[in-house]
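Here the structure is laid out as structure tokens; the discussion comes afterwards.
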Amino acid sequence: MPVETTTQSRPICPSCDSKGKRVGLDTLRALLNEEFAREFEGDEQASCDTERNGGPGCSPLEGDTGWRFCDSQECDVVYFSETSDRTFLKSQLRMPVGVKEKVGDRPLCYCFGHSVASIKEEFRTKGRSDALQDIRAKMKDPGCRCETENPSGACCLGSVTKGIKIAQEELTMNDTEIGPAATLVRPPSNRGERIAKIGTVFSAIMASACCWLPLLLLAVGVSGVGIAATLETYRPLFIVVTFGFLAAAFYFTYRPKKAASDAGHGCCPPASAAGGIANADCCGSAQKRRFSMMAMNKVMLWAVTALAVAFLLFPNYVGFLLANRDTASETVVESPLVTDTTIAIDGMTCEGCAVALQNRLKGVPGVLNAKVDYSKKQAIVSTESCCAIPKDDILKAIEESGFVGHIP
């Protein structure tokens, strides 16, 4: 018999600090190796009496036997005493303890022969597991023998339910083990969708760079006429790429989403895969998260679309953003005392270039007014007739703006 060292009850496993579950002495006598089983004598009321329980399953153990079962996978202790330092390890039992193993067959139901391995085989061949239904049916006739067959001494339904989830997780992690009937459906990756959206915005920005980049460079005092001309050449290509990325983004966002398979893979098994036990809270919250994410992706897609269109059309409306609202000042002065000079302009890529150059020419000393026409690629500069046209200053202003001017 084990030597008692203290009378204080200790429900915590001395090896892994996990809380143990009460176990009957009948279980220890039945499952320990013979030399250890002899230490326990006397009768113990059965803890797995289906008739006393009034239905499928085993009734809880009544009374305290002073022994606990540790189901943690982090230690080798199977049974430990509440009142002494006595423990029994996995190697001291007649059979393996499935719930304490991480690999291998891992028996779960010792009465009717279900294990993690057999459940995985069900998923491979049938696409579902009927283990729980099978156990419930067989509990009635001839009944379960968990007290003397299961190392925990209790009903195996909880262990089997966990085993189904473990089998699903392991099949998900190892695609090579999955048969055609149990193909797992993973949530589709949104990596392609993200790339498509980012590519849409980036290519749209590049498509309008021929307009905004010279203005940006001009703001910091750098001529961008060469860059603008190059980007203008590639603008059609960037537009095509933009619409290509946008089409891909719409496909990834609105393509039909595959739901969880009939095998019950995903958040939790459906009733057909888990014997009628489904985690409604888990699945419900997962569905809410999925629909919320889908709605967010659609909102982001339309935001990206609006942003892309804004960049693509930037050369068309930038002139209105930069134009001087005082239309009177934009009118070329017509007077006998004013000379209008037409200057050819090279390097303009959009209305924004024309507006920026027009404002710059108005600031040249001796220039009364200026009007730059992007469509005609020319500028009309008004100066006093009494004075010579400040050609050098005008050409310098045009050059500093990033363009090339030609005065007849």
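Every read-out reported here was derived from the displayed coordinates using simple, explicitly stated rules and does not represent laboratory data. Predicted model, so just to flag it, every value in this text is computed and none were measured. Note: ideal-geometry Cβ built from the backbone for every residue, glycine included; neighbour counts use all protein chains shown.
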Zero-based 5 Å bins, Cα pair distances in region 340-385, whole percents: 5, 26, 34, 22, 10, 3, 0
Cut-off 16 Å, label 7 Å out along Cα→Cβ of residue 202, residues of region 291-320 by amide N: 308
Peptides ranked, highest mean first, by Cβ atoms within 10 Å: ranges 68-78, 387-397: 68-78, 387-397
3J(HN,Hα) from dihedral phi, region 301-311, Karplus parametrisation 6.51/-1.76/1.60, rounded to Hz, x for glycine, proline: 4, 5, 5, 5, 4, 4, 5, 5, 5, 4, 5
Taking 250, 80 and counting other C-beta atoms within 10 Å, the order from fewest to most: 250, 80
Least to most buried among 343, 195 (fewest other Cβ within 10 Å first): 195, 343
J(HN,Hα) series, region 237-254, from Karplus relation 6.51 cos²θ - 1.76 cosθ + 1.60, nearest Hz, glycine and proline x: 5, 5, 5, 4, 4, 4, 5, x, 5, 5, 4, 5, 5, 5, 4, 5, 7, 9
Residue 19/residue 300 FRET efficiency (R0 51 Å; Cβ-Cβ; nearest 0.05): 0.65
Which listed pairs, of 102/138; 162/298; 165/197; 21/126; 21/120, have C-alpha distances above 30 Å, in listed order: 162/298; 165/197; 21/126
